[in-house]
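First comes the structure, then the notes that go with it.
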Amino acid sequence: MEKILVLFCSFVLISSVISGDRYHPRKTAEDIEGQWRPGSDPQGINLDGYTEFWMKHGQDYINSQINKKRNNGKAKNIIMFLGDGLTLTTTAATRKYLGGEEVQLSYEQLPYYGLVKTYCVDRQVPDSACTANAFLHGVKNNYQGLGISANVPRANCDFEDSDITYSIAKWAQDAGMATGIVTTTRITHATPASAYAHVPHRSWENNADMAARCGTKTRRTVDIAEQLVYNEEAQKFKVILGCGRRNFINATVRDEENVLGRRTDGRNLIEEWIQERNQAGKAEYVWHRQQLDEIDVDKTDYLLGLFESDHCMYRNDIVDNRLLRQEPLLTDMTRKAIEMLKKDDNGFFLLVEGGRIDHAHHANRARQSLDETAEFARAIELAKLLTDSNDTMIVVTSDHSHVFTYSGYPWRWQDVLGIAMRDSNRVPFETLSYANGPSYGNTFVNGVRRDITDDDFTASRRTHQSMVPLSSETHAAEDVAVYADGPWAHLLTGSYEQSSIPMVMAYSAQIGPFSNRFPIVPAK
């Protein structure tokens, strides 16, 4: 009987491929009504319509939970992966994008998980600055503030010493650990900047941005790019890989790819960074993937990589334009960073941000966001292979959610990036859509929702429908997930404040607020 079922499944799969129904983006659930049967799903779960399959699946899950072993040892290394804008909906859609609902992304395979609340002190829906202050500093603050407390009003041009907050990167440095940052955004963008900068407004990435609000430099207000060169904690980062050259060079100077800078003070902060770091060891600056690949980590003490003038390129743009030999992917930068930091006998703290998941959502480009999430998951898988969970804590989370929706009643084998079903007026709508954003103008024509039947659903930059017109899609307020493995990872279960994340990481490594303050119990 089992062999007959397998043969039947194979026949249905082959028939669906030949008929063109499999993953057909233009066919709705109504179009293929009655074609799907339990056991014929082409995703690989051959007998998922049968009771025995799900009963065994549930038993296997219970066994995996029972057999989890808590690690109460000390974390030598900590790697924090931040998927900017990585919502639970994005994770679910990426599973389907990569093959099917039953796919488990690398971070979903980590043994412990929980949910965190993402609000700012002064806003219900957060931005990436106040959330970064929470998950790196352990202190919630105001919308758009970095490295300062909520006592400082947004865009205030001065503040007191008592208003400064410090990130877990500094706690690690104070304990003698090596530190690094990897991002696919500008290195002066909110998440990476929160590791080393202190500003009341995240947009002050260069002196011109800051001067527009504050005029000349005040006692405390120094632009983020300059802080990356001269701040105490910034000087100790062993590896910094990302993008955003424009904030380090003058507006009259062109970078390696012939793009003008944004500064107006005549300075070249890349050269200043090299000069400063060379006083403490061998410093290298790279802007091309080949240069990154050729770095000899054994002979390099400090590494700065800035691979674009603005943000790093989307992965699918790199692939589509055949730029893999020129532009490093998140996995490439993660590998080099871990190789650099593993040299230190005292361990390391590394922040890795998949920053363009968020940017694609803001543009209503679902495919690009899912593709960035897939690359983010690959970087996590790589980090797991390059480290040992016995002494390395890996924490994966997001800063905030998005108004991104996975809806309708599509059949299992339909393309997640295609049409879900038809509305009450028989006009088709997509499985993935947004509550607001720039694609509104492409969604409605004269107040009527446009028929998308003949659209090209395979375009990498396709925008998905949005219901409210905005120049940029907004964040959302719901909780985001945390996934963890390694020493004390079990503490990151349940529902809790986002600001608890760095406290748990610090506890696991006995740094910052928990330096030598708790007994270490050997892992069993």
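The values are calculated or read from the model by the stated rules, or taken from the named source; none is laboratory data. None of the values given here were measured: they were computed from a predicted structure. Here Cβ is always computed from backbone atoms with ideal geometry, including for glycine, and neighbour counts include all displayed protein chains. In case anyone asks, the SASA skips ligands and DNA or RNA and just uses the protein heavy atoms, side chains included. Shrake-Rupley method; radii C 1.70, N 1.55, O 1.52, S 1.80 Å.
In terms of solvent-accessible area of protein heavy atoms at a 1.4 angstrom probe, what is the ranking of ARG335, ARG186, highest value first?
From most exposed to least exposed: ARG335, ARG186.
Step through the residues of the stretch 473-482 one at a time and calculate ³J(HN,Hα) from phi using the Karplus curve (6.51 cos²θ - 1.76 cosθ + 1.60, θ = phi - 60°), rounding each to whole Hz and writing x for Gly and Pro.
Taking θ as phi minus 60°, the curve returns 4, 9, 6, 10, 9, 5, 4, 10, 8, 10 Hz for the stretch 473-482.
Please give the FRET efficiency for GLN59 paired with ARG123, using the beta carbon to beta carbon distance and R0 = 45 Å, rounded to the nearest 0.05.
For GLN59 and ARG123, the calculated efficiency is 0.50.
What's the extension gain from GLN291 to ALA92 if we count 0.36 nm per residue and subtract their Cα-Cα distance?
Once the chain is fully extended between GLN291 and ALA92, it gains 68.0 nm.
Quick one: compute a quarter of the convex hull surface over the Cα atoms of the stretch 201-301 and quote it in nm².
Dividing the Cα hull surface by four gives the mean projection, 7.0 nm².
As an exercise, use a Förster radius of 25 Å and the Cβ-Cβ distance of ASP301 and THR264 to find the FRET efficiency, rounded to the nearest 0.05.
Efficiency computed from Cβ-Cβ geometry: 0.20.
Explain nothing, just the number: relative contact order of the chain, from Cα pairs under 8 Å at least 6 residues apart, as a whole percent.
26 percent
Hey, what did the stretch 85-217 get for relative contact order, percent, Cα under 8 Å, at least 6 apart?
Relative CO of the stretch 85-217 lands at 20 percent.
In whole Å, what three semi-axes, largest first, describe the equivalent ellipsoid of the stretch 63-153 built from its Cα gyration tensor (square root of 5 times each eigenvalue)?
Those come to 30, 20, 11 Å.
Using unit Cβ charges (K, R positive; D, E negative) and no other charged atoms, how large, in debye to the nearest 20, is the dipole of the chain about its Cα centre?
That gives the chain a dipole magnitude of about 440 debye.
Give me the number: length gained by fully extending GLN279 to VAL445, i.e. 0.36 nm times residue separation minus the C-alpha to C-alpha distance, one decimal in nm.
53.6 nm
Could you pull out every residue, at least 5 positions away or on a different chain, whose amide H is within less than 5 Å of the one on THR185? Hs are placed 1.01 Å off N in the peptide plane, and Pro or chain starts have none.
Counting only residues 5 or more places away or on other chains, the set is CYS243, CYS312, GLY355.
Among bridges DSSP assigns within the stretch 178-323, what percent are antiparallel (round to 5)?
So the antiparallel bridges in the stretch 178-323 amount to around 5 percent.
Report, in whole Å, the centroid distance computed from the Cα atoms of the stretch 229-263 and the stretch 354-387.
24 Å
Once the Cβ-Cβ distance between ARG412 and SER471 is put in as r, and R0 is 45 Å, what FRET efficiency do you end up with, to the nearest 0.05?
E(calc), rounded to 0.05, equals 0.80.
Can you bin the stretch 217-369 into rounded, prolate or oblate? Criterion: square roots of the alpha carbon gyration tensor eigenvalues sorted a ≥ b ≥ c, rounded for a/c under 1.5, prolate for a/b above b/c, oblate for the rest.
oblate
Can you tell which of TYR107, TYR196, LEU88 lies farthest toward the positive end of the dipole of the stretch 77-226, using +1 and -1 charges on the Cβ of basic and acidic side chains (Lys, Arg; Asp, Glu)?
My answer, from the dipole projection, is LEU88.
What is the stretch 405-453's relative contact order, in percent, from Cα pairs under 8 angstrom and six or more apart in sequence?
32 percent
I'd like to know which of VAL222, GLN235, ASN247 lies farthest towards the positive end of the charge dipole of the stretch 177-277, counting +1 on Cβ of Lys and Arg and -1 on Cβ of Asp and Glu.
Farthest along the dipole direction, towards plus: VAL222.
Helices from the chain with mean Kyte-Doolittle at least 1.6 and a Cα length along the axis of 15 Å or more, per DSSP H: which?
2-19
Points 7 angstrom from Cα along the Cβ direction at LYS343 and ASP388: gap in nanometres?
2.1 nm
Looking only at the chain, where both bridge partners belong to it, what percent of the DSSP beta bridges are antiparallel (to the nearest 5)?
Here the antiparallel bridges make up roughly 35 percent for the chain.
Calculate the dipole size of the stretch 292-340 relative to its Cα centre from +1 charges on Lys and Arg beta carbons and -1 charges on Asp and Glu beta carbons; express the result in debye to the nearest 20.
140 debye
Is there a quick way to get the dipole size of the stretch 297-452? I mean about its Cα centre, with the Cβ of Lys and Arg at +1 and of Asp and Glu at -1; what is the value in debye to the nearest 20?
Approximately 720 debye in magnitude.
Take the alpha carbon atoms of the stretch 79-134, find their center, do the same for the stretch 178-213, and report the distance between the two centers in whole angstrom.
Distance between centres, Cα-based: 22 Å.
What ³J(HN,Hα) values, in whole Hz, does the Karplus curve 6.51 cos²θ - 1.76 cosθ + 1.60 give for the stretch 321-328 when θ = phi - 60°, with x put for Gly and Pro?
For the stretch 321-328, the Karplus-derived couplings read 9, 6, 10, 5, 7, 10, 10, x Hz, x marking Gly and Pro.
Sort the stretch 319-360 into rounded, prolate or oblate with this rule: let a ≥ b ≥ c be the square roots of the eigenvalues of the Cα gyration tensor; rounded if a/c is under 1.5, and if a/c is not under 1.5, prolate when a/b is larger than b/c, oblate otherwise.
Oblate is the answer for the stretch 319-360, as a/c is 1.5 or above yet b/c matches or exceeds a/b.
Residue separation times 0.36 nm, minus the C-alpha to C-alpha distance between ARG426 and ASN72: what's the value?
121.7 nm
Under the Karplus relation 6.51 cos²θ - 1.76 cosθ + 1.60, θ = phi - 60°, what is the ordered set of whole-Hz ³J(HN,Hα) values for the stretch 414-429, x standing for Gly and Pro?
6, 5, 5, 8, x, 7, 8, 6, 10, 7, 5, 9, 6, 9, x, 9
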